[in-house]
Number of protein chains: 4
Amino acid sequence: MIIVLKSGTPSEEIERVSTEMCTWGLTPEKIVGKHKVVIGLVGETAELDPLRIQEISPWIEHVLRVEQPFKRASREYRHGEPSEVVVPTPNGEVIFGEGHDVVVVAGPCSVENESMIIETAQRVKAAGAKFLRGGAYKPRTSPYAFQGHGESALDLLAAAKAKTGLGIITEVMDAADLEKIAEVADVLQIGARNMQNFSLLKRVGAQPKPVLLKRGMSATIEEWLMAAEYILAAGNPNVILCERGIRTFDREYTRNTLDLAAIPVLRKLTHLPIMIDPSHGTGWAEFVPAMAKAAVAAGADALMIEVHPNPAKALSDGAQSLTPDQFDELMQVLQRPLVSLSR
Amino acid sequence: MIIVLKSGTPSEEIERVSTEMCTWGLTPEKIVGKHKVVIGLVGETAELDPLRIQEISPWIEHVLRVEQPFKRASREYRHGEPSEVVVPTPNGEVIFGEGHDVVVVAGPCSVENESMIIETAQRVKAAGAKFLRGGAYKPRTSPYAFQGHGESALDLLAAAKAKTGLGIITEVMDAADLEKIAEVADVLQIGARNMQNFSLLKRVGAQPKPVLLKRGMSATIEEWLMAAEYILAAGNPNVILCERGIRTFDREYTRNTLDLAAIPVLRKLTHLPIMIDPSHGTGWAEFVPAMAKAAVAAGADALMIEVHPNPAKALSDGAQSLTPDQFDELMQVLQRPLVSLSR
Amino acid sequence: MIIVLKSGTPSEEIERVSTEMCTWGLTPEKIVGKHKVVIGLVGETAELDPLRIQEISPWIEHVLRVEQPFKRASREYRHGEPSEVVVPTPNGEVIFGEGHDVVVVAGPCSVENESMIIETAQRVKAAGAKFLRGGAYKPRTSPYAFQGHGESALDLLAAAKAKTGLGIITEVMDAADLEKIAEVADVLQIGARNMQNFSLLKRVGAQPKPVLLKRGMSATIEEWLMAAEYILAAGNPNVILCERGIRTFDREYTRNTLDLAAIPVLRKLTHLPIMIDPSHGTGWAEFVPAMAKAAVAAGADALMIEVHPNPAKALSDGAQSLTPDQFDELMQVLQRPLVSLSR
Amino acid sequence: MIIVLKSGTPSEEIERVSTEMCTWGLTPEKIVGKHKVVIGLVGETAELDPLRIQEISPWIEHVLRVEQPFKRASREYRHGEPSEVVVPTPNGEVIFGEGHDVVVVAGPCSVENESMIIETAQRVKAAGAKFLRGGAYKPRTSPYAFQGHGESALDLLAAAKAKTGLGIITEVMDAADLEKIAEVADVLQIGARNMQNFSLLKRVGAQPKPVLLKRGMSATIEEWLMAAEYILAAGNPNVILCERGIRTFDREYTRNTLDLAAIPVLRKLTHLPIMIDPSHGTGWAEFVPAMAKAAVAAGADALMIEVHPNPAKALSDGAQSLTPDQFDELMQVLQRPLVSLSR
């Protein structure tokens, strides 16, 4: 349920209404939008009569029920206004969100060694990326496959950050690693395989770093938003959703099916920023540029693109990585307006 | 297998090589590209030694095996060159193919009555569409649902064509209707449900009108190209492929999952033109503009968009139809360059 | 809508009620069950008040609305009673339906030559099969693959029938072949790829031979029953449903995913007999026995099993064919009670 | 790679070969089968020449490469012999494995209160179940849904165990809860959503309690076996695989698609015991008996069935729970031989 306040409502009145709501056993959350202030209410609201709430203050414009099962994640919860995830990086604040510039995150699947991560960081920064991605802890199908360099990879990410000023995004697979990862990372990634690892979601929801939540391989849009809701409900409002391809019957020429319609669907349902990962989404470097362009045209707020100095020798996911030169070229294309019907 | 001829090969020599190939039991097909002439060979080539063919003329540059199971549909068969489907319409020739302007096909799901189809045709023409779509024979899940007005709808399409000069695209469900449909239609549509109706594919392959082949709901890219191969093998080289969404586990907010990665994948595998249908692909009018933009950005050669003067009262598929005004607006957006990373 | 009549309703009264319903613009169909007579009504019943119908005769017990979109195919339409499909064969009538013995249909994917089809027919008959299956017209993904021997294969099926007295089941792909196929076949098969070839469904619905309707590769249960409804609505009440595996993300070790839960689901929803095809359902002969046993245990009314005298040399689908010896062994297992928890 | 030893190989020789293998940098594991002793070898074996190993002892019969990516989980690793998971319970040892009686695990989705869990335990024991299932920690799509009673539920499970002597199976979602769960549980369950929570797999692999590994919603058979390999590789050989339905396009009448062909497929690929969960597999109590019978007929080693004293009031998954009476009835059916072709 949300309480929409009239413009000009004095802050003491907002405070008073919130306090009152607490006494009703609800958890109020103040959302300051561009035009309005909204108080989001979570708790046992099913039986509540909106009119009873309306009566508690003349500054209340209306009281609306959030119909979606995902409450805090729903667009309605912010009365239609998109949210922004603002991430401080050494190079300055980066804002993820509708209407802002598309943020590009780039880097290798895994952090392999110092020279490769530094070189990649420098190249992707030069091309216009704002964040470096790179796995320290890697979820691998086989226990015998390279599992990431762990802590030492975190040091290398820290070094790359120091050298380039880029923000760092890296995956958390285990709550036990959370603290040391959070020392380096500016955004914590929850991978597709852990999208419904509810224990982990609660943990990243209870710490302050923004969270990049990848869509599970066969998660419906609703399940994905419910997973985001776990993080939001635990107190962390900074969630970025990342579509990375879903699993379908056709896996011959692409590794996954990139569900770009998720962009307008999410835009309608949620206020959260939307990222697209065409690298995992297709699984092949040669298909990444077309899908990156499509994602931007469809309205994505961010892109995550794998870049590796030598994809043929990558310890993981080489086939889907662009070379730094290919990434340069793609960024140049993406910085110019895209083609229209006339071509 | 294909025979690539040197530039300047005299036409009698091309003739001679083709005739020779016939005596070997193969079916040669001359493909005149921008730079080269290629002779495609279909038949029992598995055991053939390319070198033996090479020897039959000094004008042969090389002889290459087509590795794909789809031979005539493969990009290799034309030695990498895209094909064009040229369709004469009252308003002039329209060319579908890589590098040409994106062709827009628009109109209602079903032809309902004269005024609606004429009005729609005039509006979509004014907005920039080159073809009118409209179903006379409709494949409906229920035998009790509206099955299309059949022959009388064909007359209305003819009237709309006469009034506007637009080309006509309409679906063939039954070989028995082929002749009368072909009198009106400029392009024959094979619907998703009939993509592997091999009898029908052979029939449309044996007549001269271009064919729009929609992807089956759960057809792999390879199966789809093999279906195109049925048409090509029957003698009709004019096939346009249309992605219209595949069936996946997630059908809550979209009717199908629009597989836009099919665009770069097909571009690599085949020379045939590629159309995207975001209306069926998403099932909801509100998601059509984002997906239309994405399709163009990803490199589609054509778009098919449902437009209905009054979607709320449509006899079929109203939810996914744009109004003429919404279509106008979308066409204006698509005629300008699309957004880049900066927005 | 259905009219349930009281036991002992005189036949003139049944006639009178039916005639009355015709005058109301409805199509009545008399269904004689074990305990009751029911009159099924198809047409514009949405606005009809059941009570108004009730009033027309004191012999009417109640009038019930069929809530499912598939009317004649629904279990409700027969007031809960299963239907039987009775097929005359030279060896006598064979009954498909709930509560009757499980009917086994066996034979090769394609009819290849006289000796193989006769030999197979004799072996499967000896093992207990009641029907011989064998393709004369084959739907093949590639236009270059063996397409079936067509008419001459029909002659061979006729010869096998004459020799063994088995009933014949073979596929119709094209309405143009219907007549000549119906001369030989006792049951006409509609393949998975044509499940929504509505023109063909209407045609087989308008002729008298029973129809075996295979489930489409990605057809929902409801779409499948709606396809059956096309046949029933066209006047043919003898439809057998055959589950043959659906398409899912996992195709590494099986060709399709055999959806055995379709058995209890269909049992609840429809009165039509249910067949399972574990050969296409798994794609591998080694997995057929386990799935055949499971199908029988789950309540299937019939099994379709591919048998080939020399699977390694089969012109199509060899990998999923049992040898006659393997089929013998399976039939012996299936004729004994299956294992319980103690083993 | 595995070393198959001749019968009668002296144990010192087995020891010696194992020690030698350690010096080669490999991890040997002794597997005592019914007829043979096999030494499994894991490590960098790709470059190793089997003949070189053969030479180290005249007692070596042959040295074979395990071709599957899952090594320890593969059937080849035990030279074709199935493994057994032996679980001590107050009522005695229960053996899961091919050829042994089918083990039935039953109980509610969640442990709700003392009387319900005790009552359920008594009823399912009386009917023939050997294990009580019941969730203390529940993975729920919504953060606002009942999340299980946690620790207090563990106490109730302990009480039910004390009262009935049944073994206990309950889910671990978080490594932090592992110890306290292991105090009560005889088998630890890893749920579908955590099948690729590799951190958790490593943790349950490093403790001694047997593990029930549910298949992920969209996990291929190979990914599932690789997940089992994580547990085996961490040192725990006692893994039971549980199929619980996969996610497909058709979710109208069943919640998931129960992939019973997984039974013969797994039987071929792995030595591990196989359990089927028809409750989650179908999502509806009315379809459970048919699928339980099918699972047993197809060769399952164990069944997991949800039973709740009052499904209509269950805090979770009521729709798929049998009542104790329905469970009784099902167990009686399953204890008698199942129907054959004649019925």
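The interface between chain B and chain A buries about 4400 Å² of solvent-accessible area in total (1.4 Å probe, ligands and nucleic acids excluded).
Pairs of Cα atoms in the range A:279-330 fall into 5 Å distance bins, from 0 up to the last occupied one, in shares of 5, 23, 30, 25, 12, 5, 1 percent. Against chain A, whose longest principal axis comes from its Cα atoms, helix A:288-298 is set at around 20 degrees.
Put the Cα centre of the range B:179-239 next to the Cα centre of the range B:86-121 and the gap is 18 Å. Placing a label point 7 Å from the Cα of B:E67 along the Cα-to-Cβ direction, the residues of the range A:309-324 whose backbone N falls under 17 Å from that point are A:319.
What do you reckon, how do B:T257, D:T19 stack up by accessible area (1.4 Å probe), largest on top? Walk me through the numbers before you get to the answer.
Values: B:T257 5, D:T19 75 Å².
Ranked from most to least accessible, the order is D:T19, B:T257.
When only the heavy atoms of the protein chains count and the probe is 1.4 Å, how do C:D49, A:D277 rank by accessible area, highest first?
Ranking C:D49, A:D277 by accessible area, largest first, yields C:D49, A:D277.
Counted over the range C:85-335, the DSSP beta bridges are approximately 20% antiparallel. Quick one: Cα centre-to-centre distance for the range B:262-328 and the range B:6-57, in angstrom? That distance is 40 Å. Using a 10 angstrom Cβ neighbour count of at most 13 plus a DSSP loop assignment to flag exposed GluC sites (Glu not before Pro), which longest range of chain A is free of such sites? Formally, the longest exposed-site-free interval is A:68-251. What's the angle, to the nearest 10 degrees (0 to 90), between helix B:221-233's Cα axis and the longest principal axis of chain B? Computed tilt is about 70 degrees.
Here A:K313 and B:R336 are evaluated by their C-beta separation; at R0 = 45 Å the FRET efficiency comes out at 0.55.
If you take all other residues with their beta carbon under 14 Å from the beta carbon of C:V37, and give Lys and Arg +1 and Asp and Glu -1, the sum is 0. With only the Cα atoms considered, the protein assembly as shown has a convex hull volume of 210 Å³ per residue. Mean per-residue shielding of peptide B:140-151 is 5, counting Cβ atoms of other chains within 10 Å of each Cβ.
Could you list the trypsin sites (Lys or Arg not before Pro) in the range A:58-135 that lie in coil according to DSSP, counting only those with at most 16 other Cβ atoms within 10 Å of their Cβ?
A:R65
Taken along its three principal axes, the alpha carbon spread of chain D comes to 67, 53, 41 Å, from the longest extent down to the shortest.
Counting Cβ atoms of other protein chains within 10 Å of each Cβ in C:188-196 and taking the mean gives 4.
Average the reciprocal distances over every distinct pair of alpha-carbons in the range B:135-264, invert the result, and give the Kirkwood radius in Å. Show your work: numbers first, answer last.
Details: mean 1/r = 0.0645 Å⁻¹.
Over the range B:135-264, the inverse of the mean reciprocal pair distance is 15.5 Å.
A cut-off of 5 Å between modelled amide H atoms, ignoring neighbours fewer than 5 places along the same chain, links D:L303 with D:V103, D:V104, D:V105, D:I276.
State which entries of B:K180/C:K71; D:K34/D:K202; B:K163/B:K313 exceed 27 angstrom in Cα-Cα distance in the structure shown. Write down the numbers at each step before the final one.
On the way: B:K180/C:K71 33 Å; D:K34/D:K202 30 Å; B:K163/B:K313 24 Å.
Table pairs above 27 Å Cα-Cα are B:K180/C:K71; D:K34/D:K202.
Taken residue by residue and averaged, Cβ atoms of other chains lying within 10 Å of the Cβ of C:280-293 number 4. Computed on chain C, with alpha-carbon pairs under 8 angstrom and 6+ residues apart, the relative contact order is 15 percent. Calculation over all alpha carbon pairs of the range B:43-114 in 10 angstrom steps from 0 returns a P(r) of 14, 28, 24, 19, 11, 5, 1 percent. Here is the size of the range A:223-290 from its Cα atoms: Rg then Dmax, 13.6, 41 Å.
Over its Cα atoms, what ratio of radius of gyration to 2.2 N^0.38 Å does the range D:2-65 give? Please report the intermediate quantities before stating the final value.
Working: Rg = 10.6 Å, N = 64, 2.2 N^0.38 = 10.7 Å.
Cα Rg divided by the expected 2.2 N^0.38 Å: 1.00.
Heavy-atom accessible area for D:D325, with the other protein chains in place and a 1.4 Å probe, reaches approximately 100 Å².
Summarising the label geometry, the points placed 7 Å from Cα in the beta-carbon direction at A:E183 and B:A162 lie 8.3 nm from one another.
Measure off, as a whole percent, the carbon and sulfur share of the 1.4 Å-probe accessible area of chain D, all protein chains present. Mind dumping the intermediate values first?
On the way: 5920 of 11920 Å².
Answer for chain D: carbon and sulfur cover 50 percent of the accessible area.
Antiparallel beta bridges, as assigned by DSSP with both residues in the protein assembly as shown, represent about 45 percent of the total such bridges. Measuring heavy-atom accessible area with a 1.4 angstrom probe and counting protein chains only, the residues of the range D:305-343 that give up at least 30 Å² relative to the chain alone are D:L334, D:Q335, D:P337, D:L338, D:V339, D:S340, D:L341, D:R343. For the range B:201-343, the Cα-based Rg and Dmax, in that order, read 16.0, 50 Å.
For trypsin sites (Lys or Arg not before Pro), the sites in the range A:30-64 that DSSP calls loop and that have at most 12 other Cβ atoms within 10 Å are A:K34.
The values are calculated or read from the model by the stated rules, or taken from the named source; none is laboratory data. Note that this is a predicted model, so its numbers are computed, not measured. Note that each Cβ is placed from the backbone with ideal geometry, even for glycine, and that neighbours are counted across all protein chains shown. The protein model used for the area step is the full one, side chains on, heavy atoms only, and it has no ligands, DNA or RNA in it. Shrake-Rupley method; radii C 1.70, N 1.55, O 1.52, S 1.80 Å.
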